[in-house]
Amino acid sequence: MGIARQAAERAAQFADLLNCLGERRVLCWVSAGAASAVAAKLAMLGGKVTLVYCDTGAEHEDNARFLVDLEKWYGQPIERLKSEKYADTWAVWRDRKYIAGIAGAPCTVELKVGPRLAFQRPTDIHVFGYTADLADMLRAKRLRENYPELQIECPLIERGLDKAACLAMLEKAGIKAPLTYALGLPNANCLPCPKATSPAYWALIRKEFPDRFDRMAKLSREAWSKARPRQ
Ligand code: SF4
């Protein structure tokens, strides 16, 4: 028997042992957006889940209200994870002297991926709120490719539910979506999110959150001036 096969069998035995001990968890990654909120609710229909949220310290204040409303809807608390090193996205960008680029954004790694990796166990099942919208389906595909070791479930894609359907389901449940949606933003992400490339997004941030827009403009100029090659 090859070494790889032996390792795979040992890993399976280890996973089986933990399952027998009742260690297998279903982690629902709630992001304060409408989609993951509904995905978690659907996952709960299948049994016990652990609800988890990564606090980036840079989302709209109304997201906190939304999470409390969700806890009432779920009848269960949501566990908040937070980076031990960084208070918010601004702290990450300053410390790393990098905001975002083609390789992604360090804030995601430090404030979302890092806390997730620290919290998860090899036997966990992960529920994500990717929707049946094409862009989201591609994101879910990339996640599976990047983390082949994770057992991933996407209940919204399985049921053909898009973002509009999730917002409608929340409304029907009497839960007010995060304020950012009413302001015209496409999600309830950090404000601002440097991964956004649409001029309309930045125009809206400038109008609704001028202080945050100015802060980002200053930081961008600073990062750019540091990144320029010497003449
Ligand atoms: S939502 Fe945007 S700003 Fe927030 S952690 Fe992710 S990439 Fe960074």
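The values are calculated or read from the model by the stated rules, or taken from the named source; none is laboratory data. Computed from a predicted structure; not experimentally measured. So basically every Cβ, Gly included, is an ideal-geometry build from the backbone, and we count neighbours across all protein chains shown. Accessible surface areas use protein heavy atoms only, side chains included; no ligands, DNA or RNA. Shrake-Rupley method; radii C 1.70, N 1.55, O 1.52, S 1.80 Å.
Observations, loosely collected:
- For segment 2-176, the per residue solvent-accessible surface stands at 55 Å², with DNA, RNA and ligands left out and a 1.4 Å probe.
- Folded to 0 to 90 degrees: helix 199-208 orientation relative to the chain principal axis, Cα: 70
- Ligands, DNA and RNA aside, D69 has an accessible area near 40 Å² when probed at 1.4 Å.
- Tilt relative to the chain, helix 3-20 - C-alpha long axis, 0 to 90 degrees, to 10: 90
- Solvent accessible area, Å² - D136, 1.4 Å probe, full protein context: 30
- Relative contact order of segment 64-215, pairs being alpha-carbon contacts under 8 Å that are 6 or more residues apart, as %: 18
- Heavy atoms of E145: accessible area, 1.4 Å probe, square angstrom to 10: 110
- Across the cross-link table entries K141/K207; K112/K195; K163/K195; K112/K207, which are compared at the Cα atoms, the separations over 26 Å belong to K141/K207; K112/K207.
- As a fraction of the 1.4 Å probe accessible area of segment 2-176, surface on carbon and sulfur atoms comes out at 56 percent.
- Cα-based helix-to-principal-axis angle, 134-146 vs the chain, degrees rounded to 10: 60
- If both residues of a DSSP beta bridge must be in the chain, then about 5% of such bridges are antiparallel.
- Our summary of shape: the Cα atoms of the chain have principal axis extents of 60, 51, 32 Å, ordered from largest down, in whole angstrom.
- 5 angstrom amide H check on E79, placed H, neighbours 5+ away: L51, V52, Y53
- Spacing of the modelled spin labels on V109 and L81, each 7 Å from Cα toward Cβ, amounts to 1.7 nm.
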